[in-house]
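The values are calculated or read from the model by the stated rules, or taken from the named source; none is laboratory data. Everything numeric in this text was worked out from a predicted model, so none of it was measured. Counting neighbours? That spans all protein chains shown, and the Cβs are built from the backbone with ideal geometry, glycine included.
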Amino acid sequence: MSENEILKVEHLKKYFPVEKSFLEKMLTRTRHFVRAVDDVSFSVLKGEIFTLAGESGCGKTTTGKIIVSLMPPTSGKIFFDNVEITTLNHEALRVLKRKLQIIFQDPYASFNPRMKIGEAVGHPLEIHDIAKGSEKRKKVLEILDRVGLTPAEKFVDLYPHQMSGGQRQRAAMARALILQPEFIVADEPVSMIDVSLRTAIIDLMLNLRKDFGLTYLFITHDLAIAKYISDRIAIMYLGKIVELADKQTIFSNPMHPYTQALLAAIPVPVPERMRKTTQLKGDVPSAINIPSGCRFRTRCPRCAEKTCKEKEPELVPVSPNHYVACDLAEK
Amino acid sequence: MKKLKIKKSMLSHLLPGLTSLTKRGLAGWLVIFGAILVIAVIVMTALSPWIAPHDPSALTVGPRLSPPSTQFPFGTDDLGRDMLSRVISGGGVMLQVAILSVIVCLIIGVPLGLFSSHTGGVIDRFISLIMDSVYAFPGFILAIAFTVVLGRGVINMALSIAVVYVPSYFRIIRSQVLSIKEMSYIEAANAAGARKRTVLLRYILPNVVPSIAVVATVNFADAILTAAGLTFIGMGVPVNIPDWGWDLTNGRNLLPSGAWWVITFPGLMIILLALGFTLMGEGLSELLSPKLEE
Amino acid sequence: MGNMTQSLMTVDTLTVEYWTRKGKIRAVDNLSFSLEKSETLGVVGESGSGKSTLGLSLIDLVPFPGRITRGKIVLNGKEILKLQKDELRNLRGKEICYVFQDPMTSLNPVKKIGDHFVELIRTHEPQVTKQQALERAKKLLRDVGIQPERVSDYPHQLSGGMRQRVMIALAIALNPAIVVADEPTTALDVIVQAKILDLLNALRDAYGMALILITHDLSIVLQRSDRIIVMYAGQMVECAPSTEIYLNPKHPYTQRLLKSIPNIELADQKLEAISGSPPDLLNLPKGCRFWPRCYYAFEKCRREAPPLIETGTEHFARCFLYEEGRKA
């Protein structure tokens, strides 16, 4: 792991077993899995905003949750600050959680409806025995102020349902930041917030990065937001990364057919601007029955029957810092 | 220490909540009306030694089997006992049985439901299986079976009824916990590093309490009816204590001879008490269902 | 507002109120507009803007405790709100059709896809046999890009995108004059979203329908509608052809909205936030509803509610900046 890398993910896999009925268990031998994350490797540099982008079901959220230890991987390694975290014991993992935090997508569901915001934001301090009583309150007020929930004294005593979605998301950031983490996973932090408020939240995230020296793993399906906030972007499809490059390159020179289709599909806010929609055939296959060889071939406009069906393409560099998983890409 | 702190905060939510019931529309009024019924019956029963005009067990206070009159507004039974006094004093057994059974159910059903769903896995499956089997059994028959085994008396009746209803509590708590566990705020607590016990007590339990309240109130109504039923078939308490259930049995035997009043008034009281609890339960479940007024 | 020749549909001073325990909410406040044949009208706004309520009121399906308290809607010469129950039912599906937001729950899970069509078609055209209805269903599925054999599938066997396409097929089954699509693509992925929107436009061209697109996504309406209505706190704050909205947004809210949405074609975009938060419909500010968040707000804005002012050909904005005699 190089000097600059704060997170390194190696061959991460997460398979969820498909529940079978009693009869099926008796009659069939084979076990089926939902291959949510299917061999994903990447690293995140200190201080950068690394985005995992893709449509729903591509495995980006699952990857994010595994990184903050909300669920164990099926296989693979994760290195954080040079420490392999998937094999840590319970206690060590708890301590680790101080450095790795997460912000969830749904500002409505991510707060306990029966806890005041002040309590919720301050609870991590209690959990890790960092501060209690008046000192805890002081830190809570400080952090609420920092995320723009002013006057903090008023917000401390509010319940989640008394706040708007945007305010709750700010509180979520406060909760994540109060432990002074180094790394934050932001799982679709603005997709459930009103459009006019999104920019404010994104700007807050950018400011906090500067002030607190944070690194973000940003997860989104909205490539337009990804373009605005990211340094580097990895495009995921059905559990694998199909293209990885810095922001400029992804948008100016997308090489994987899926990336190209995604970019073409994004609505551009200009009247009568019809982008050439690369017609993708069919729908996303189920993650239980992933196509052999290149998993994108069933929808790919460029699929070359033989090679694409037999061999699963690897994520290889086509130029420094631009990786593509497509055997036809260089052509 | 932490457990006490939680209960105090729950109470401080309850008191202002009660006063705002009037503002909560039909559901709020249901709760208030039901509560009034229940409290009225409880108070009446508690004060019965002082407000009953005659000793409910005294024989031949008046002419046998006399219909309702100014002297005996609810009439007398075949032993000459004043029905009004019997109605006023007869709720004691039923209330005791109901309250006791609900307490037992809470003590057993709630922790069991919490534990089982939070632990998950094989243990959860196993316990659920047992609970489902008990639940599938016709409640009343099971209660009878237990009373036969345990014998008569208030406590035994309460236990028999409790056994029948613990699965209801278990199921509701369990399904609540399971759906709460899916919520992001539980994930958030886990992501912050909270221990399993903390999550259970500070995040899950406070959100489950409303449904416990609903189950308990509806359960009260059921328990009362079951207790009445058990007494009706003779599995209840000894004969000499005034009891509505007993009057039902007696009254039924007396019906062919035209004495409708012996069974009617105690029956009405049972219905009123059960109704009170049911209304409270209905109102509570309305009030506590998710507030999605966007 | 609109052409002087007979518009397809006119909405006049429509007001919809919700009577909740906490008070009366005016979800839609005095809205008027017209819709022309084969036009795509985009209605854009955020939560609380009233756009969904507007959509539902067009087919008189505002849910309790909401009620249409004022106004009239005229479709093809008929006043919708004055119709009898069965006349209204006839209208729905046949002349104006609504595509619901959530494809997951809008189809009946115990009915085959084909049966949805059969029921719909035969309700409005009882003389059609089941066989004929199924044939039409197959053709419609082909039109929306689904294999016709899927008529015998159940909804859960189809993906979200396919279900939404089925909803659209159902919407056009009876060749309605107007299709109202409420957030037709919110629950869907970008690629499917593009397909569905392309489909809606293609169908519009083929069948000559008018389309009302209700969404919070300004990018979509800018790209695909002819005219746009911007809603804020239940009121129409701006109404203009989409090119006008794009090049010449007049209302401060519209301007800020445009500056806050990311555009992937721009190289180094600086997004700007709109200060403040969406209004509380129970506690609307006095005067203009947008003034607490408006950069230009002056004295009059705080006191009086601005009317809709004509700022150009077919361009209206609800803002005192464009009052007669005031230099904007």
Exercise. Before we move on, is C:Q101 within 20 Å of the chain's Cα centre (by Cα), within 30 Å of C:F33 (Cβ to Cβ) and modelled with pLDDT under 85?
Worked result: yes
For this session: Could you grab me the full set of residues in the stretch C:117-159 that are assigned to a loop (DSSP other than H, G, I, E, B) and small (G, A, S)?
Result: C:G145, C:S159
Exercise. Just wondering, is there one or more residues in the stretch B:146-165 that are charged (D, E, K, R), crowded, with 18+ Cβ neighbours inside 10 Å and in contact (Cβ under 8 Å) with a residue 40 or more places away in the chain?
Worked result: no
Seminar exercise, completed: Flagged in the stretch A:98-127 as facing another protein chain (nearest Cβ under 8 Å), surrounded by 21 or more Cβ atoms within 10 Å (Cβ to Cβ) and of a type in the set (V, I, T), in numbering order, are A:I102
Exercise. Which condition breaks for B:A228 when tested against (1) touching a residue at least 60 places away in the same chain (Cβ under 8 Å); (2) of a type outside the set (V, I, T); (3) surrounded by fewer than 20 Cβ atoms within 10 Å (Cβ to Cβ); (4) outside the structural domain of B:P56 (by TED's automatic domain parsing)?
Worked result: (3)
For this session: Filter the stretch A:72-97 for residues that are more than 14 Å from chain B (Cβ to nearest Cβ) and not hydrophobic (A, V, I, L, M, F, W, C) and give the result.
Result: A:P73, A:T74, A:S75, A:G76, A:K77, A:D81, A:N82, A:E84, A:T86, A:T87
Problem set entry | Single residue of the stretch A:157-172 satisfying the filter (farther than 18 Å from C:S275 by Cβ and either at the interface with another protein chain (Cβ under 8 Å from one of its Cβ atoms) or of a type in the set (A, V, I, L, M, F, W, C) (or both)) that is surrounded by the fewest Cβ atoms within 10 Å (Cβ to Cβ) | A:H161
Exercise. Residues in the stretch A:198-213: is at least one within 12 Å of the chain's Cα centre (by Cα) and either within 12 Å of another protein chain (Cβ to nearest Cβ) or over 23 Å from C:L258 (Cα atoms) (or both)?
Worked result: no
For this session: Return yes when C:M236 is more than 8 Å from every other protein chain (Cβ to nearest Cβ) and under 30 Å from A:K281 (Cα atoms) and no when it is not.
Result: no
Exercise. Just wondering, is there one or more residues in the stretch B:189-203 that are buried (at least 17 other Cβ atoms within 10 Å of the Cβ), among the hydroxyl-bearing types (S, T, Y) and within 28 Å of B:M235 (Cβ to Cβ)?
Worked result: no
Problem set entry | Positions within the stretch B:77-122 being among the β-branched types (V, I, T), modelled with pLDDT under 90 and surrounded by fewer than 18 Cβ atoms within 10 Å (Cβ to Cβ), in sequence order | B:I99, B:T119, B:V122
For this session: Among the residues of the stretch A:128-156, write down those that are closer than 26 Å to C:K22 by Cα and either touching a residue at least 60 places away in the same chain (Cβ under 8 Å) or crowded, with 21+ Cβ neighbours inside 10 Å (or both).
Result: A:L149, A:F155
Exercise. Is the stretch C:34-43 home to any residue that is of a type in the set (S, T, Y), surrounded by fewer than 21 Cβ atoms within 10 Å (Cβ to Cβ), more than 14 Å from chain A (Cβ to nearest Cβ) and not in a strand (DSSP E or B)?
Worked result: yes
For this session: State which residue pairs qualify: first residue of a type in the set (D, E) and inside the stretch A:94-112, second residue part of a loop (DSSP other than H, G, I, E, B) in any location, beta carbons under 8 Å apart, and separation of 6 or more residues or different chains.
Result: A:D106/A:M192
Exercise. Only one residue in C:V221, C:V179, C:V230, C:V237 is of a type in the set (A, V, I, L, M), surrounded by 23 or more Cβ atoms within 10 Å (Cβ to Cβ) and in a helix (DSSP H, G or I). Which one?
Worked result: C:V221
For this session: Restricting attention to the stretch C:281-328, report how many residues are touching a residue at least 60 places away in the same chain (Cβ under 8 Å) and either assigned to a strand (DSSP E or B) or farther than 18 Å from C:Q255 by Cβ (or both).
Result: 8
Exercise. Within the stretch B:232-244, is even one residue in contact with a helix residue (DSSP H, G or I) (Cβ under 7 Å, 6 or more places away or on another chain), under 30 Å from B:I172 (Cβ atoms) and free of Cβ contacts under 8 Å to residues at least 40 places away in the same chain?
Worked result: yes
Seminar exercise, completed: Selection from the stretch C:226-274 of residues among the basic types (K, R) and out of contact with any strand residue (DSSP E or B) (no Cβ under 6 Å at 6 or more places or on another chain) yields C:R256, C:K259, C:K270
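Residues checked against (1) in contact with a strand residue (DSSP E or B) (Cβ under 8 Å, 6 or more places away or on another chain); (2) on the phi < 0 side of the Ramachandran plot; (3) basic (K, R); (4) buried (at least 21 other Cβ atoms within 10 Å of the Cβ):
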site: A:D203; (1), (2), (3), (4): no, yes, no, no
site: A:S230; (1), (2), (3), (4): yes, yes, no, yes
site: A:L280; (1), (2), (3), (4): no, yes, no, yes
site: A:I290; (1), (2), (3), (4): yes, yes, no, no
site: A:P301; (1), (2), (3), (4): no, yes, no, no
Problem set entry | Set A:A287, A:A325: member being within 24 Å of A:I49 (Cβ to Cβ) and more than 11 Å from chain C (Cβ to nearest Cβ) | A:A325
Problem set entry | Exclusive hit being touching a Ser or Thr at 6+ places or on another chain (Cβ under 8 Å), outside any loop (DSSP other than H, G, I, E, B), among the small types (G, A, S) and more than 10 Å from every other protein chain (Cβ to nearest Cβ), set A:A245, A:A224, A:A234 | A:A234
For this session: Would you please list the contacts, defined by Cβ atoms under 6 Å and residues six or more apart or on different chains, that run from a residue in the stretch B:250-267 that is over 13 Å from B:R81 (Cβ atoms) to a residue that is loosely packed, with under 13 Cβ neighbours inside 10 Å?
Result: none
Seminar exercise, completed: Flagged pairs (Cβ under 7 angstrom, 6 or more apart or on separate chains; first in the stretch C:252-267, over 16 Å from A:L197 (Cβ atoms) and within 7 Å of chain A (Cβ to nearest Cβ); second among the small types (G, A, S) and part of a loop (DSSP other than H, G, I, E, B)) are none
For this session: Please work out which residue is surrounded by the fewest Cβ atoms within 10 Å (Cβ to Cβ), limiting yourself to the stretch A:178-201 and to residues that are under 12 Å from C:L271 (Cα atoms) and aliphatic (A, V, I, L, M).
Result: A:V195
For this session: Search the stretch A:28-71 for residues being of a type in the set (K, R) and crowded, with 18+ Cβ neighbours inside 10 Å, and hand back the single one that is nearest to the other protein chains (Cβ to nearest Cβ).
Result: A:K65
